[in-house]
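The values are calculated or read from the model by the stated rules, or taken from the named source; none is laboratory data. Worth saying up front: this structure is predicted, and the values here are computed from it rather than measured. Cβ: placed from backbone, ideal geometry, glycine included. Neighbour counts: every protein chain shown.
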Amino acid sequence: MTRYCCPNCWGNFSINYGICPECKFDIDHFYKEQTYFQKLVAALHSPEPLTRDRAASILGKIGDSRAVPQLLELLHTTDDYYSMRTIIESLELLGGDEAYQAIQMYAGHKSVIVRNAARDVCARRRTGIEFLVTKEAV
């Protein structure tokens with residue numbers, strides 16, 4: 001059975017109402033008027049970890065540096081180590097000093113998953129090795 005999710009309150013329901021039955025958000029308007037980038041940024045706030053991770057990954061792959069502040073906010077507030085790794089990888093793809101400085105802060109993180117992701121980015125940056133994304137990966 002198909003489930004629908006409100007991008008505002010993340011309410012979950014089985015009928016496409018067009019307007020969220022919980023918070024009265026105009027879902028139809030949101031999906032018609034928002035850009036792909038805006039929809040991905042909204043998905044970063046989903047309570048579903050896989051949705052957040054997919055959005056973070058795609059934001060890195062599309063290379064839009066406007067995503068850096070939103071990804072940094074999520075990196076600093078989430079406690080999901082796998083999400084943190086995905087965000088670090090996306091920030092590496094987006095580049096820039098702000099992203100790199102934040103990644104460096106996580107090179108000493110208590111989680112080996114996060115720590116290794118940050119250290120790998122730092123090592124690639126020090127040696128000039130770029131994290132390559134092929135068209136097939138996007």
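Quick notes on this one:
- Cross-chain or 6+ apart pairs with Cβ under 6 Å, the stretch 93-113 first and assigned by TED's automatic domain parsing to the domain that holds residue 71, then of a type in the set (D, E, K, R): 107/119; 109/115; 113/85
- Of all residues in the stretch 16-35 being under 25 Å from residue 49 (Cβ atoms) and in contact with a strand residue (DSSP E or B) (Cβ under 9 Å, 6 or more places away or on another chain), the one that is surrounded by the fewest Cβ atoms within 10 Å (Cβ to Cβ): 16
- Top-ranked residue of the stretch 12-48 - restricted to ones that are among the aliphatic types (A, V, I, L, M) and within 19 Å of residue 68 (Cα to Cα), ranked as farthest from the chain's Cα centre (by Cα): 42
- For the stretch 27-68, the candidate set comprises residues that are of a type in the set (Gly, Ala, Ser) and part of a helix (DSSP H, G or I); within that set, the residue that is farthest from residue 12 (Cα to Cα) is 65.
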